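Take a look at the structure set out below.
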Amino acid sequence: MNDVRKVIVESIYRIAEENDLELPSMLNDDSVLLESGLDSLGFAILVADLEGSLGFDPFVMMDEPVYPSTLGEFVAIYEQMSKKEV
Amino acid sequence: MLKTQTSERFSVVSDVGFDSITDVDEPTILRGLQKLEGKNIALHCHPANLVKFTTELQGVASSVLLVPYDACANFSRRIEEKLNLDLVLTDGIANVEHWNISVNHVCEIPDSLADDCTVPEVPIETQWLLTTSGTTGTPKIVAHTIESLTRTTSRSSPSQPLSWGLLYDPARFAGFQVVLQAVLSNAKLIVPTPDLDFEKKIDCLVTHRCTALSATPSLWRKILMTKAAQRLDLAQITLGGEIADQRIINSLVKQFPNAEITHIFASTEAGVGFSVKDAKAGFPASWLESGVRGIDLKISDQGTLCLKNTHINQSYLGGGGTIADAQGWIDTGDLVEIENVRVLFKGRLNGAINIGGNKVIPEDIESEILKVPGVFQVAVRAKSSSIAGALVEALVVPDPEWEDNSSLAKSIKQHCKKVLPPFKVPAFVRLVKELQVGAAGKVKR
């Protein structure tokens, strides 16, 4: 489970670095995604990037996608969907 | 027409009050606008004021160009080349420094302006000039009348009047449609300042009890990401500007079970298009036979959707040519396919990429990337995105003699960031050995 979280957090920092976005020094479960320094385009890049590294896109897999507000909710969606993948 | 149809129930609210622009009372300002009879005006204001002045200038001004709030020097220069404007009208909130022609504050319209106009014998039919988002940096200006824009707008006043939120710029086609919808149905219009944080914008809509909202599918996903969205109580949801897939429609049905969901197909070129209300992606294939509300539909040999609208007559201003062919068909350039009795949208014929409602021409980005030292060849294409509809991906063949490939992707992004708006900057740069070339010798995207 923690692997998914690790991949996501690493991806966020890498995308921020590549796109010159400023992130707060600490990201935690309560961090609000749209206020985290990733703008909505950055968020779209993150989801596409994770599809490359994790091999799935939960927002395509869900028939009624749920869109997360916080990092905790975002990670939970990926963790839940990674179980379905297996 | 607009003013006479505006009952006292139509109102505009914003996080910025009208008193923040002036000490002069509102009726005095609105009376001052009557001095602009017969003038050709560019209206560059805070969106809430733009809406208020719009309802006053209908039938008064000869033409009104609606200027996007964030318009910059490039925009005003192009507009001044194309149009013969009398003045720019502003409210002291929008940044108007880059205009070369005379700029007037709404509170300071000189009486002399009214002196040189003759009272027209017939009522003025104001031309409303809207600019397309301008894929090549040159805004294309399309002239409309209120009649052409509101032909299919519902004029009924629901028993419980709606309160429309405005998240688009009202100077853009999609935003102006929301404004007209609100005016003609005597609704309240809630206009958050464009510079607000997104969460605060949605919060502003909740505070003013927004019940109706129009957005692109990508913007809807962003709305659903906010905390404030859970407190929105919507009765009407409208999607437009991008392909509405079944998943976003499903998400909205779930989050707002009491709302009617309408997805609109409309392009600035085609004027008002048509709407679909059955909460299914695409539109019924039977409409290709029957048409829909005075619009005939057909699929061209190239697979694009064509519309024939018998009621409106439009042309580009400033030498853009006519829009319809000899039979009156307007080719929308949107590729469609029939799947299980539905006609589904599949993207643009010209390869243009739609990123959250912003149209991008791949060639525009390619020409910029080719300027970066170390780039030999490039092909820009869409990478499908479940969040933004599409993202820009650049396939780059490095110059064989270039030594430092490791930093090439970063240099490309940095260059693009300097010269292009954020949505055009490639989200992904992939270095490849060669590009695939099709039978006709063209690079495959």
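The values are calculated or read from the model by the stated rules, or taken from the named source; none is laboratory data. Keep in mind that what you see is a predicted model, and the values were worked out from it rather than measured. Virtual Cβ from ideal backbone geometry, glycine too; neighbours counted across all protein chains shown. Note: areas computed on protein heavy atoms with side chains; ligands, DNA, RNA excluded. Shrake-Rupley method; radii C 1.70, N 1.55, O 1.52, S 1.80 Å.
The table for this structure:
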quantity: Residues that are closer than 17 Å to B:Ala390 by Cα and in a loop (DSSP other than H, G, I, E, B), drawn from the stretch B:324-357; calculated: B:Leu349, B:Asn350, B:Gly351, B:Ala352, B:Gly356, B:Gly357
quantity: Answer residue from the stretch B:374-392, given it is closer than 22 Å to A:Asp20 by Cβ and surrounded by fewer than 20 Cβ atoms within 10 Å (Cβ to Cβ) and is farthest from the other protein chains (Cβ to nearest Cβ) among those; calculated: B:Gly374
quantity: Contacts under 9 angstrom Cβ, first residue in the stretch B:203-219 being within 12 Å of chain A (Cβ to nearest Cβ) and at pLDDT 95 or above, partner open to solvent by 40 Å² or more (accessible area, probe 1.4 Å) and assigned to a strand (DSSP E or B), 6 or more apart; calculated: none
quantity: B:Asp70 vs. criteria modelled with pLDDT of 85 or more and surrounded by fewer than 21 Cβ atoms within 10 Å (Cβ to Cβ); calculated: yes
quantity: Subset of the stretch A:39-57 [over 23 Å from B:Phe423 (Cβ atoms) and either touching a Lys or Arg at 6+ places or on another chain (Cβ under 9 Å) or within 7 Å of another protein chain (Cβ to nearest Cβ) (or both)]; calculated: A:Phe56
quantity: Flag for B:Thr304 being open to solvent by 30 Å² or more (accessible area, probe 1.4 Å), modelled with pLDDT under 95 and not basic (Lys, Arg); calculated: no
quantity: Pick from the stretch B:416-445, criterion part of a loop (DSSP other than H, G, I, E, B) and of a type in the set (D, E, K, R), ranking: farthest from the other protein chains (Cβ to nearest Cβ); calculated: B:Lys442
quantity: Top-ranked residue of the stretch A:58-86 - restricted to ones that are free of Cβ contacts under 8 Å to residues at least 60 places away in the same chain and acidic (Asp, Glu), ranked as farthest from the other protein chains (Cβ to nearest Cβ); calculated: A:Glu85
quantity: Close pairs from the stretch B:65-78: first in contact (Cβ under 8 Å) with a residue 12 or more places away in the chain, partner open to solvent by 10 Å² or more (accessible area, probe 1.4 Å) and among the basic types (Lys, Arg), Cβ under 9 Å, at least 6 apart; calculated: B:Leu66/B:Arg172; B:Pro68/B:Arg172
quantity: Test: residue in the stretch B:334-346 that is touching a Lys or Arg at 6+ places or on another chain (Cβ under 9 Å), of a type in the set (D, E, K, R), within 13 Å of chain A (Cβ to nearest Cβ) and buried (at least 18 other Cβ atoms within 10 Å of the Cβ); calculated: no
quantity: Filter pass, B:Lys413 being open to solvent by 20 Å² or more (accessible area, probe 1.4 Å), free of Cβ contacts under 8 Å to residues at least 24 places away in the same chain, outside any strand (DSSP E or B) and within 25 Å of A:Glu17 (Cα to Cα); calculated: no
quantity: Failed item, numbered, when B:Ser275 is tested on (1) surrounded by fewer than 20 Cβ atoms within 10 Å (Cβ to Cβ); (2) part of a helix (DSSP H, G or I); calculated: (2)
quantity: Near pairs, Cβ below 9 angstrom, 6+ apart or cross-chain, from the stretch A:13-38 (within 11 Å of chain B (Cβ to nearest Cβ)) to any residue that is in a loop (DSSP other than H, G, I, E, B) and among the basic types (Lys, Arg); calculated: A:Val32/B:Lys227
quantity: Those helices (runs of 4 or more DSSP H) lying entirely in the stretch A:9-86 with at least 1 residues surrounded by 14 or more Cβ atoms within 10 Å (Cβ to Cβ) and acidic (Asp, Glu); calculated: A:40-54, A:71-85
quantity: Subset of the stretch B:393-410 (residues that are open to solvent by 40 Å² or more (accessible area, probe 1.4 Å) and either more than 14 Å from chain A (Cβ to nearest Cβ) or assigned to a strand (DSSP E or B) (or both)); calculated: B:Asp399, B:Pro400, B:Glu401, B:Trp402, B:Glu403, B:Asp404, B:Asn405
quantity: Residue in the stretch B:251-258 that is open to solvent by 70 Å² or more (accessible area, probe 1.4 Å), out of contact with any Asp or Glu (no Cβ under 7 Å at 6 or more places or on another chain) and either at pLDDT below 90 or part of a strand (DSSP E or B) (or both) present; calculated: no
quantity: Checklist (1) within 22 Å of B:Ser385 (Cβ to Cβ); (2) touching a residue at least 40 places away in the same chain (Cβ under 8 Å) applied to B:Thr226, failing item; calculated: (2)
quantity: Flag if B:Ile248 is within 12 Å of chain A (Cβ to nearest Cβ), under 25 Å from B:Leu297 (Cβ atoms) and either touching a helix residue (DSSP H, G or I) at 6+ places or on another chain (Cβ under 7 Å) or buried (at least 23 other Cβ atoms within 10 Å of the Cβ) (or both); calculated: yes
